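Single-structure report; data block below.
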Amino acid sequence: MIEFTLRHPLDCTPARHWEMFFDPEWTRTLIIDGLGFRTCDVQPVRQEGTTRLRDMSVTPKIDVPGPVARLLGDKLGYTEKGKYDETAQRWTYQLVLNVLTEKIRMGGEVTLEPLGTERCTRVSKMWVDVKIFGLGGMVEKAAEKNMRDGWNRSAEWINGWLGDHPTVDQS
């Protein structure tokens, strides 16, 4: 199992981040335009008490070594099954792959730390666990690389988008 944490400064408040995050059109734009995924289907948010639940199915473009590519095939996709705890202000998720579902498990959690009054730091704790004899370590490393690359690109895209879409002062 590989566990790692990424920290990305974002040019918005935590409140604005979560508002954008739960906007399905904004999320689709981030996934398709920002990350270059082939497909993105964001399901409606379901509210259960102080918890928001959201599933999102995507088909990413991934960069993996030949043996891993042959193992996963060219139609790799996954469903992110996530929940947001409004009290803790924490998003937790699992990625359920459409191949080797019982052998490859991935997930994580996202929290935001205020950074001054107008910015925040996105703290993303992620994990990958692969149970495939002989290839598990290679698959875990490839997944970690793709997750790191994707989350780094998403932070750059989000900050660019925020620069093009500043908040309007209502005072």
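The table that follows gives values for the structure above.
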item	result
Those residues of the range 81-103 which are buried (at least 18 other Cβ atoms within 10 Å of the Cβ) and in contact with an Asp or Glu (Cβ under 8 Å, 6 or more places away or on another chain), in sequence order	G82, W91, Y93, L95
Any hit, the range 20-28, residues being within 28 Å of V139 (Cα to Cα), touching a residue at least 60 places away in the same chain (Cβ under 8 Å), of a type outside the set (G, A, S) and in contact with a strand residue (DSSP E or B) (Cβ under 9 Å, 6 or more places away or on another chain)	no
Selected residue [modelled with pLDDT under 95 and crowded, with 16+ Cβ neighbours inside 10 Å] from M138, M106, M126	M138
Scope the range 103-117; condition in contact (Cβ under 8 Å) with a residue 24 or more places away in the chain and out of contact with any helix residue (DSSP H, G or I) (no Cβ under 9 Å at 6 or more places or on another chain); matching residues	R105, L115, T117
Residue check, V58 among the β-branched types (V, I, T) and within 30 Å of L135 (Cβ to Cβ)	yes
Count of residues meeting criterion [under 15 Å from the mean Cα position of the chain (by Cα) and either surrounded by fewer than 13 Cβ atoms within 10 Å (Cβ to Cβ) or among the basic types (K, R) (or both)] in the range 5-37	5
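The values are calculated or read from the model by the stated rules, or taken from the named source; none is laboratory data. As the structure is a prediction and not an experimental result, all values here were calculated from the model. Neighbour counts are summed over all protein chains in view; Cβ atoms, including those assigned to glycine, are modelled from backbone coordinates with ideal geometry.
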